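Engineer: Just passing along the structure, written as structure tokens.
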Amino acid sequence: MQFIKNQQIRLEITDLNTDGEGIGKVDGFPFFMKDAVPGDVVTATVMRVKKNYGYARMQGLLSPSPYRVVPVCPQHKACGGCQLQTLSYEKQMEFKEKKIANNLCRIGGLSAEEVEKAREPFVGMEEPFHYRNKAQYPVGKDREGKVICGFYAGRTHSIVANTDCSLGAEENGAILRAVMEHMERYQISPYNEATGQGLVRHILIRTGFESRQVMVCLVVNLSSAEWEKYGQERLKTEALVGKLRGLSLDGDCSLTCPEDGEMIQESGKGVPDGFEKGEITRNRPGKICSIAVNLNIRRDNVIMGDECRTLWGSDTIEDRLFIRDVSNEFQRTGDFLTFKISPLSFYQVNPRQTEKLYSIALDYAALTGSETVWDLYCGIGTISLFMARRAGQICGVEVVPQAIEDARTNAALNGITNATFYVGKAEEVLPAFYKEHGNDTSLTHPDVIVVDPPRKGCDSACLDTMLQMQPDRIVYVSCDSATLARDVRYLCEGGYELRRWRGVDQFGQTVHVETVVLMSRIDTQ
């Protein structure tokens, strides 16, 4: 059967593709369609037809799936950030676990029996909304010339106005509205991508879910010299700071935030005052403790520039991550880490699930207190510090110099002295280190290597060096199960075996999923 654009068809949705689009077939020919869930029967319009598949747009819902739910966010379809919000959360978890398993089989070259034998229960979220501790909102104007902020519609740079994202922290809406009111009052123009003119590009908000400290940072279209010359006058910073400091978020920080913005430093083991083990503290209101600007005059898609200026309060906020007992339903232990977070810091956006994710990695590492561990792509050292108190020596590698500075700061903040951090690409640092220290087997043949690479996975040179170093165990934390599976196959061909894997829902309502994998050297089993 031949299909043409704008043709009306009837589809029964039987599955989802990896992007979360519904899949339905007409005479065996598959169509992909957004906002459709398995079990839906729909009428649709053909949008595009390729050789072996097509795309369609839903026109009517003839029979809703039993797994279909009413979306929480009224903007979910226009925004496109929550691809799975119309699917029940139980089915979202099933979809993500199936996605990982399929990739391990199809791309990783493992049998279904091998994958199933190594599989451990999927880790879902207690509350799959309002879990993000960081949000970056582009700023623009609507057709009437009014200042708006929100999110870019999928695959566009058209802003969908939304100050109440269902994934962001509850405090965000009040802050965004306050900034937009300030811009309207003082006629401060938002940035225009087409012309490169305008002042305010993005509004960044970071929230410490444990500390309840909140950071507000405006990304402005000014150079360092322009900021020093007239930036504060153009942004009306005195009025902005006054407005934000007077904003009621109905509460205070658990870590003291005095009027001069200095932070009280707290670190160490044990449950902090005012906290019970396992307590969900996110519902306590936050307080703005840092107000800053970031300078960015680039004409590209990079959101943040390299320079920040603090307008009021501290240069950073703090938050804590607790180590959890994997064998006891992820109950919090008394062991926690404190992190300093700047506008430019990388810090996992879902702290509740991050605690579980990294606690699984720690469990897979099976540390007894004497091991040497290499943590590649270490970022600000979160995994390194999770493992440091249970290992003999930690070596972390990260290409971003600022991240390594943060890692060293966080190590000192937590009293950790057995962690050493190196700046550079893992695929360059490791070969050079191996060449220099080849005779010291405690360093060049570590007990455990941990990798948490970007979405593209590990570089082949990094994988080759890992195989050369021959660790007993490799713990691979991945945000993309396709590149994970590709690298698992490479490591299996190099003498390792998949022993355990577990999916973690770090990004509820979206198609993204984290995975932790344990691989062991075959000759050590």
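The values are calculated or read from the model by the stated rules, or taken from the named source; none is laboratory data. Only a predicted model underlies this, so the values are computations on that prediction, with no experimental measurement involved. Cβ atoms come from the backbone with ideal geometry, glycine included; neighbour counts cover every protein chain shown. SASA here: full protein model, heavy atoms, side chains in, ligands and nucleic acids out. Shrake-Rupley method; radii C 1.70, N 1.55, O 1.52, S 1.80 Å.
Engineer: Using θ = phi - 60° and the Karplus curve 6.51 cos²θ - 1.76 cosθ + 1.60, what whole-Hz ³J(HN,Hα) does each residue of region 139-149 get, with Gly and Pro shown as x?
Structural biologist: My calculation for region 139-149 gives 10, x, 10, 8, 5, 8, x, 8, 5, 9, 8 Hz in order.
Engineer: Starting from the 7 Å offset along Cα-to-Cβ, what nm value, one decimal, do you get for the label separation of Val400 and Ala432?
Structural biologist: Computed distance between label sites Val400 and Ala432 equals 2.0 nm.
Engineer: From the list [x] 27.3; [y] 24.9; [z] 23.9, can you say which value of Kirkwood radius over Cα pairs in Å was derived from the structure given?
Structural biologist: [y]
Engineer: Let me ask something else about it. What does the accessible area per residue of region 284-347 come to in Å², with a 1.4 Å probe and no ligands, DNA or RNA counted? Can you show the working numbers first?
Structural biologist: Details: 2500 Å² over 64 residues.
Here the residues of region 284-347 average 39 Å² of exposed surface.
Engineer: Dipole of the chain (Lys/Arg Cβ +1, Asp/Glu Cβ -1, origin at the Cα centre): which of Ala388, Thr310, Thr86 lies farthest to the positive side?
Structural biologist: Sorting the options by dipole projection puts first Thr86.
Engineer: So how much slack lies between Asp300 and Ser88, counting 0.36 nm per residue of separation and subtracting their Cα-Cα distance, in nm?
Structural biologist: 72.6 nm
Engineer: Give the residue from Val448, Leu430, Val475 lying farthest towards the positive end of the charge dipole for region 409-492; charges sit on Cβ (+1 for Lys and Arg, -1 for Asp and Glu) and the dipole is referred to the Cα centre.
Structural biologist: Val475
Engineer: Out of residues 5 or more away from Tyr152 or on other chains, whose amide H comes under 5 Å of its own, with H placed 1.01 Å from N in the peptide plane?
Structural biologist: So Tyr152 has HN proximity to Val160.
Engineer: Let me ask something else. Please list, by residue number, everything in region 446-487 whose backbone N is under 19 Å from a paramagnetic label point 7 Å out along Cα→Cβ of Asp440.
Structural biologist: 446-450, 466, 468-472
Engineer: Roughly speaking, to the nearest percent, how much of the chain's 1.4 Å accessible area is carbon and sulfur?
Structural biologist: 47
Engineer: Shifting gears a bit: Assigning unit charges at the beta carbon (Lys, Arg +1; Asp, Glu -1) and nothing else, what dipole magnitude in debye, to the nearest 20, does the chain show about its Cα centre?
Structural biologist: 1800
Engineer: Could you tell me which residue out of Val42, Phe209, Gln232 lies farthest along the dipole of the chain toward its positive end? Charges go on the beta carbon: Lys and Arg +1, Asp and Glu -1, centred on the Cα centre.
Structural biologist: Checked the options; the winner is Val42.
Engineer: Once you charge only the Cβ atoms, +1 for Lys and Arg and -1 for Asp and Glu, what is the size of the charge dipole of region 304-386 about its Cα centre, to the nearest 20 debye?
Structural biologist: Charge dipole of region 304-386: 180 debye, to the nearest 20.
Engineer: Give, rounded to the nearest 20 debye, the magnitude of the charge dipole that region 377-525 has about its Cα centre when Lys and Arg contribute +1 at Cβ and Asp and Glu contribute -1 at Cβ. Numbers along the way, then the final one.
Structural biologist: Values: 14 positive and 19 negative charges, 70 e Å.
Taking the Cα centre of region 377-525 as origin, the dipole is about 340 debye.
Engineer: Here's another thing I want to ask about it. Can you work out ³J(HN,Hα) from phi for every residue in region 476-491, in order, using Karplus 6.51 cos²θ - 1.76 cosθ + 1.60 and θ = phi - 60°, giving whole Hz and x for Gly and Pro?
Structural biologist: The phi angles translate into 10, 9, 9, 9, 9, 5, 6, 6, 4, 4, 4, 6, 4, 4, 4, 5 Hz.
Engineer: Would you kindly find the accessible area of Met215, with a 1.4 Å probe and non-protein molecules such as ligands, DNA and RNA excluded, rounding to the nearest 10 Å²?
Structural biologist: Accessible surface of Met215 is approximately 0 Å².
Engineer: Please give the length that would be gained between Glu184 and Arg143 if that part of the chain were fully extended, namely 0.36 nm times their separation in residues minus their C-alpha to C-alpha distance (nm, one decimal). Present the calculation step by step, with values, prior to reporting the outcome.
Structural biologist: Details: separation 41, 0.36 × 41 = 14.76 nm, distance 1.50 nm.
13.3 nm is the gain from fully extending Glu184 to Arg143.
Engineer: Which pairs, out of Lys356/Lys435; Lys5/Lys77; Lys96/Lys134; Lys34/Lys96; Lys5/Lys91; Lys91/Lys287, put more than 28 Å between their alpha-carbon atoms? It would help to have the intermediate numbers written out before the result.
Structural biologist: Working: Lys356/Lys435 36 Å; Lys5/Lys77 22 Å; Lys96/Lys134 23 Å; Lys34/Lys96 17 Å; Lys5/Lys91 32 Å; Lys91/Lys287 36 Å.
From the list (Lys356/Lys435; Lys5/Lys77; Lys96/Lys134; Lys34/Lys96; Lys5/Lys91; Lys91/Lys287), the Cα-Cα distance tops 28 Å for Lys356/Lys435; Lys5/Lys91; Lys91/Lys287.
Engineer: Ignoring everything except DSSP H segments at least 4 long, calculate the 222 nm mean residue ellipticity for the chain; use -39,500 (n - 2.57) per segment, divide by total residues, nearest 500.
Structural biologist: -7000 deg cm²/dmol
Engineer: Also, quick follow-up: Gap in Å between the Cα centre of region 198-245 and the Cα centre of region 310-363?
Structural biologist: Between the Cα centres of region 310-363 and region 198-245 lies a distance of 25 Å.
Engineer: Can you sort Asp27, Asp319, Asp452 by solvent-accessible area, 1.4 Å probe, largest first?
Structural biologist: These residues rank, largest area first, as Asp27, Asp452, Asp319.
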